[in-house]
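What follows draws every value from the coordinates through simple rules; no lab data is involved. Keep in mind that what you see is a predicted model, and the values were worked out from it rather than measured. All Cβ positions, glycine included, derive from the backbone under ideal geometry; neighbour counts span all protein chains shown.
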Amino acid sequence: MIVSSESKDRQPGERPPVVQRAAAHGARTAMLEPDGAVTYDELLSRTDRVSAALLPEQSDLQEARVAYLLPPGADYVAAQWGIWQAGGVATPLSLSAAPREWQYVLADSQASALITTADLRERVAATCNALGVPIVTLEETAPHSPAALPSIMPDRRAMILYTSGTTSQPKGVVSTHGNIQAQIETLIDAWKWQADDAIPLFLPLHHVHGIINIMSCALWAGARVEPFPKFDAAGVLQRVAAGAYSVFMAVPTIYVKLIDAVETLPESQRAAVCEGFRGMRLMVSGSAALPATIHVAWSELTGQQLLERYGMTEIGMALSNPYDGERRPGAVGQPLPGVELRLVDEQGRTIDGENQPGEIQVRGPGVFAEYWNRPEATAEAFVDGWFRTGDIAVRERGAYRILGRSSVDIIKSGGYKLSALEIETALLEHPAIAQCAVVGLPDDTWGETVAAAVVLRDSAALDAETLTAWCREQMSSYKVPQRLLFVDSLPRNAMGKVTKPAVRELF
């Protein structure tokens, strides 16, 4: 199904580290799905089927990119591990993305194939056919192991995750097997993952939070993962009340929704839910700043002190409040094991003291290898071996507090990091729009909500409802502007550049 750039004599290979770990967990439950439990042995069997389908005539994919569009669960894991085991680079697609976004990722990554299910095949078939990307459905894979496997070394590329930055198009963040192993082991150590842990998984699996922090850490430890197709407050709370979980990870938006849901429950149900949360050993919030009011409200409701951490696609997790010790609201703690971190001022000087804001720069074995096919962007992202995150922070009493982005074109909404420029580029494809400016507005639930100021072409007619419907066909739902404002002109400075602070004031 995939033709490699070169073929080697078939020799026994060494599985990727995360797959090797799974083999040691054997008959333990890895995934608890609606149809029943899936053991680690069964996961490995499914993994071998995927690898065999990808290696019909060669023994190594030689880092060919293989995309996959799959719901959370054992099939997702088997696809990811099967790609890794066959020597490919796993490239997950978002289930909530629009066809144009899938097309961009498939084309930019030069995907050699796409793995999906029979149910999802039709959604992506036209896109794959247009690009000439063959589709592999899991139902068609044969129940046997590959004849041979490549040896997977730590420096081999393993995964590409697409992230929005300060350019109009997402960049592919390339992580090696060594990067991924370092990110996992750091969190296993810091957050004391155990084989008897159990955790729900409802976060997207095209982001590092869901892939690494939850799924990969749990499976590395031999723990149990319970996947949900999407976040379902009622379903999650029912399982919490049953004492199903020992670890819980979510974004601030979800904690806001859970507070609202718990407070509307009858007293008898509320008590069971709060007791379920109270009995967990660890609850984590990340991907966006957690308002101090939510931190306090959650503690009062459940007795749990949420552990806030800081990370990003390019570096995994870098900072974390302590597992044991004070978890200060509004702070993201200290560097995790194996992570080097510094603050740098606008002149490039390292800040040694406290209470002085600077850009976070990180280095360590978990830092990504490169931006896919973007050598200039990769070079610009580093200075003397340190990755420039673009986030501004300050150190206060030994702990770091995030102040914001160095770029006004990044919007953090509901745990997603969105590029205002990417959304603007999409909006400008509408035939009635002449100009636009996208900004983030403060929002208690989402952190920031996407807002767009739009200038229409002469004599063009367009209303908010029609534009919103059009946007839903062009981009992921979480990128669609929630606030729309039609204006005669956009505020600009003396150089003619749109001034985003002034655009925010329009709202």
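I'm a student and want to see the number: the projected area of the Cα convex hull of the chain, averaged over all directions, in nm².
Values: hull surface 99.4 nm².
The number I arrive at for the chain is 24.8 nm².
What number results when the radius of gyration of the stretch 283-343, computed over Cα atoms, is divided by 2.2 N^0.38 Å?
Numbers: Rg = 11.9 Å, N = 61, 2.2 N^0.38 = 10.5 Å.
Ratio of Rg to 2.2 N^0.38 Å for the stretch 283-343: 1.13.
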Item to check | All-pairs Cα distance distribution in the stretch 12-161, expressed in whole percent, bin size 5 Å | outcome: 2, 10, 20, 23, 21, 14, 8, 2, 0
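What number comes out for the charge environment of V439, summing +1 per Lys or Arg and -1 per Asp or Glu over other residues with Cβ under 11 Å away?
Values: positive: R483, K500, R504; negative: D409, E424, E448, E505.
Summing Lys/Arg as +1 and Asp/Glu as -1 gives -1.
May I ask you to sort M31, M215 by Cβ crowding, counting other Cβ atoms within 10 Å and putting the fewest first?
Numbers: M31 26, M215 23.
Going from least to most buried by this count: M215, M31.
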Item to check | Separation of alpha-carbon centers, the stretch 457-505 and the stretch 217-277, rounded to whole Å | outcome: 37
Checklist entry - By a straight-distance test (C-alpha under 19 Å), which lysines pair with K257 as possible cross-link partners, with residues fewer than eight away in the same chain excluded? => result K230, K412
Next on the checklist: Please state the shape class of the stretch 410-506: rounded when a/c is under 1.5, otherwise prolate if a/b exceeds b/c and oblate if not, all from the C-alpha gyration tensor.
Outcome noted: oblate
Next on the checklist: Along each principal axis of its Cα atoms, how long is the stretch 188-405 end to end? Whole angstroms, biggest number first, please.
Outcome noted: 58, 36, 25
Next on the checklist: Taking the number of other C-beta atoms within 10 Å as the exposure measure, put Y68, Y323 in order starting with the fewest.
Outcome noted: Y323, Y68
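How long is the gain from D232 to V498 if the chain were fully straight, where each residue apart is worth 0.36 nm and the alpha carbon distance is subtracted?
Details: separation 266, 0.36 × 266 = 95.76 nm, distance 3.98 nm.
Here the answer is 91.8 nm.
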Checklist outcome for this item: For P200, the net charge from surrounding residues (Cβ-Cβ under 11 Å; K, R +1; D, E -1) works out to 0
Item to check | the stretch 126-163-the stretch 20-39 distance, computed between alpha-carbon centres (Å) | outcome: 22
Checklist entry - Among the aspartates and glutamates, which have Cα under 19 Å from the Cα of K497 when same-chain residues fewer than 8 positions away are ignored? => result D409, E422, E424, D488, E505
Checklist entry - Quick one: net charge of Q85's neighbours, Cβ under 9 Å, K/R +1, D/E -1? => result 0
